[in-house]
């Protein structure tokens, strides 16, 4: 019984060509899925369709048994599915606290939102420290944390992240991935799109390879990592076996 | 583009069904409305039921003729196109023929003196074509909408006018210099204003035209609000218009030729790239800043020249003649209606709008509603016909070859 | 010295109304990246409405705000909804919207000329005829009222944007439209609402204008030039910027008017525009990123 079921979805932008061409995928709950693939394969498009930012042309998406394809973004949020876009996407001239408050926008109860924000400050002390600073003054890593925290205000059951390590140094990226792993350990379902395929797969349970608009591969992440075809196509072939995960 | 559908007609060529994206659709509404008016006028009120107000009579009739006329033209276009494609000599021949007619008309006027009105109208028409074609260089090719292009008319007119008043040198001689002055002004202005993108640029052109209007209104040298008076040309009444006619004709031909050459040059290609995606164009190595500035300067040159001649023909210069919103809008509307970014578009657009304007004024008189009509037409064209006539026809494949100068 | 202060006072008095006139336009641009070239035409429309109410039922123009603001609000929402809402995804959006609003301005001008003719109009409530004097200075009563009301409205708008849920949604949409969508803001609805609010501010400005200035249908052209300069100088999308630039330029124009003559005053605005474009194109309070 999967949490998120994507069934033969076809999608594209405006009147342009189909980018997703009949994609099917099942995301089991409490697992972390990492989607990798070349540019233009449709990774970001898929996330946008699930989040309700883009209507699919064909196909169906079901979340916890309920059909969500075709719903608006706020309706998808209400059902417990949050989205962290690529490039942080904070509101640059609002404080960190105001950004978090916007995360709770669809909740009308201000006090509930404030309570959740306090919980998040406990989880991310650095954000508490910066809470009244403008979001644009934060470093890349801090902005990404804020972005994730903003998505957590609604206490979602599943969270989708589009290229969370983009533009971050390896050390900071690792922090982000640790955070994501912690979330997963606490029972959240994670769907991850990563350009840094190696890092993404190392921090996931299942790897999905997306190519030409459909998925060509869905295996436990470690298998995907060690598969020689994947290594050659997406990871860059190594002459010697992997030493530690910190080597970049 | 999956939405292109050929015009349908059965074997008898009778009823034309409109497809979902057919260009005929917007015309149906005005035609229906005007038919309603005519029915009201001739049937109902003629029989004593419901008297129709006089303005509705005029409007209904005007709309009916206009709507039907345009619709008819659109219906005929595929046949004209087919004819032009089959007979290859039409493409070059027809424009040359029309040009020959233009050259001959004044000679007829000298002989018979009956074509005064036509001389006048054609001179104005040539001038509008010059304005629209020039605007097209920056607004159509480069995609930078300028709402202040009338400044070039004023610059040309005042430059030549002042030289004429102070040093007695005829504008016929100084017009090319006026053109250069206009071009240089355009280059200078471009240097400042073209550092900004889309909307801010448009704003700066508006500010420019208002600023120039204020200066001309207040500066004693230019006569202020009362304007500048110039001596009249010394020729007989009937043939007085002829030099202006030929001069304007020459400027027009040169101007359209210039746009033709730009369109087919690397410069023009660069401008088109800029209008599509300036950042990508920059990355591709196109010197966007220089191109834009040059385009803006060139777009002012012939307008300035025509301004010098126009001002001379009026013998009296006031800022409020050239620097009106109506003219500025007219230039933009002409080009967009005809098809911005094409060579023949502004020519067609200017000619058609002039004809429509004359027709409307003759039927309804020059009221404040003229400006409403201009605004309405602009809005309709923007919403339904952003490609303009030439653009839409080309997309449907029914562009007559003698209009295809790209 | 007294003269200098008097000039400054007169400048500040007008600055308030100018700020109100520009506030709507900068809000609309901030949220939807639309340059509303018809903004001053809508203001004149509201002024005519106030004028008509004054003539018909002797309604005080200041009180007429209670009517002009809601009316313009509804017109604004309908206008946006019909013309722009569905075109927002078109890449050529900016060019087309500017020309559409430009055409709208012409249509409004023609319509007003048809209904009211081109005679110069103004409303003449009692307070338009007197001035307050304090010490050696004076300020026309009408302008003082207009100043106070304008500031109240702008501060009210600012508070609304800062502290209400919808206001925050509007600010969020201004700063990052995509992120706003992601957190569940219905950006289409917020855009429509913002356009309505922008025109409501125009409505208020029209009511106040009706007794501060004389107006006629074609006047909107002169005012749009001025408003555009104010908005660009202040920074497109910035309410604070509109306020600051309005006071600054109104005072500067006041000086120009005194020393060079009233007909030269409008040039202050245009010169300021070109100067700011040369040195700081994003305006005093604007962001570097272009929409």
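Estimated from the Cβ-Cβ distance and a Förster radius of 22 angstrom, the FRET efficiency linking residue C:119 and residue C:55 is about 0.95. Subtracting the Cα-Cα distance of residue B:320 and residue B:384 from 0.36 nm times their residue separation leaves 19.8 nm of extension gain.
Computed from the Kirkwood radius of its Cα pairs, the Stokes-Einstein diffusion coefficient for region A:1-146 at 20 °C and 1.002 mPa s stands at 126 µm²/s.
Normalising the Debye intensity of region C:88-154 to I(0), with uniform scatterers on Cα atoms only, and taking log10 at q = 0.25, 0.27 Å⁻¹ returns -1.00, -1.05. With the simple model of a label 7 Å out from the Cα in the direction of the Cβ, residue A:18 to residue A:60 spans 1.8 nm. With the simple spin-label model, which puts each label point 7 Å out from Cα in the Cβ direction, the residue A:182 to residue C:86 separation comes to 4.9 nm. Note that chain A, at 37 °C in a medium of 0.692 mPa s, gets a Stokes-Einstein diffusion coefficient of 177 µm²/s from its Kirkwood radius over C-alpha pairs.
Across all directions, the average flat footprint of the convex hull enclosing the Cα atoms of region C:220-266 is 3.2 nm². Whole-percent P(r), region C:1-127, all Cα pairs, 10 Å bins from 0: 11, 34, 32, 17, 5, 1.
As a proxy for reagent exposure, B:348, B:327, C:227, B:110 were ordered by neighbouring Cβ count within 10 angstrom, fewest first; the result is B:110, B:327, B:348, C:227. Helix-only arithmetic for the protein assembly as shown: the sum of -39500 (n - 2.57) across DSSP H runs with n ≥ 4, divided by the residue total, places the mean residue ellipticity at 222 nm at -20500 deg cm²/dmol. Between C:270, C:48, C:163, the GNM of chain C built on Cα springs shorter than 10 angstrom shows C:163 fluctuating the most. Over all directions, what mean area does the Cα convex hull of region C:96-203 project, stated in square nanometres? About 10.9 nm², averaged over all directions.
Quick one: Debye curve from the C-alpha atoms of chain C, no solvent, what's log10 I(q)/I(0) at q = 0.13 Å⁻¹? Log-scaled intensity ratios, in q order: -0.88.
Binning every alpha carbon pair distance of region B:102-323 at 10 Å from zero, what are the percents per bin? Whole-percent P(r) values from 0 Å outward: 9, 32, 32, 19, 7, 1, 0. For region C:91-169 versus region A:119-169, the inter-centroid distance based on Cα atoms is 42 Å.
Run the Debye formula on the Cα coordinates of the protein assembly as shown, all scatterers equal and no solvent, and tell me log10 I(q)/I(0) at q = 0.04, 0.06, 0.07, 0.10 1/Å. Debye intensities relative to I(0), on a log10 scale: -0.24, -0.53, -0.71, -1.27. For region B:66-190, the spread of Cα coordinates along the three principal axes comes to 55, 46, 31 Å, biggest extent given first. Take the Cα of residue A:26, step 7 Å toward its Cβ, do the same at residue B:219, and the gap between the two points is 8.0 nm.
If you wrap the tightest convex hull around every Cα atom of region C:184-291 and split its volume per residue, you get 128 Å³. If R₀ is 60 angstrom, what is the calculated FRET efficiency for the pair residue B:356 and residue A:218, using the beta carbon separation as r and rounding to 0.05? It comes to 0.40. The distance from the alpha carbon centre of region C:1-78 to that of region A:35-81 is 44 Å, rounded to a whole number. Kirkwood analysis of region A:155-211, using all unique Cα-Cα pairs, places the hydrodynamic radius at 11.7 Å.
Inter-part distance, region B:132-182 to region B:243-296, computed on C-alpha centroids, equals 17 Å. Distances between every pair of Cα atoms in region B:256-359, grouped in 10 Å steps from 0 to the bin holding the largest one, split as 13, 35, 34, 15, 3 percent. Applying Stokes-Einstein at 4 °C and 1.567 mPa s to the Kirkwood radius of region A:1-63, computed over alpha-carbon pairs, gives a translational diffusion coefficient of 108 µm² s⁻¹. Relative to the globular-protein estimate of 2.2 N^0.38 Å, the Cα radius of gyration of region B:331-406 stands at 1.15.
Using a Gaussian network for chain A with springs between C-alpha atoms less than 10 Å apart, which of these wobbles most: A:65, A:213, A:37? Answer for the Gaussian network model of chain A: A:65. For residue B:94 and residue B:184, the FRET efficiency from 1/(1 + (r/R0)^6), where r spans their Cβ atoms and R0 equals 45 Å, is about 0.75.
FYI, it's all coordinate maths here, none of it is from the lab. As the structure is a computational prediction, the values presented were derived from the model and not from experiment. Using ideal geometry, Cβ is built from the backbone for each residue, glycine included, and neighbour counts are taken over all protein chains shown.
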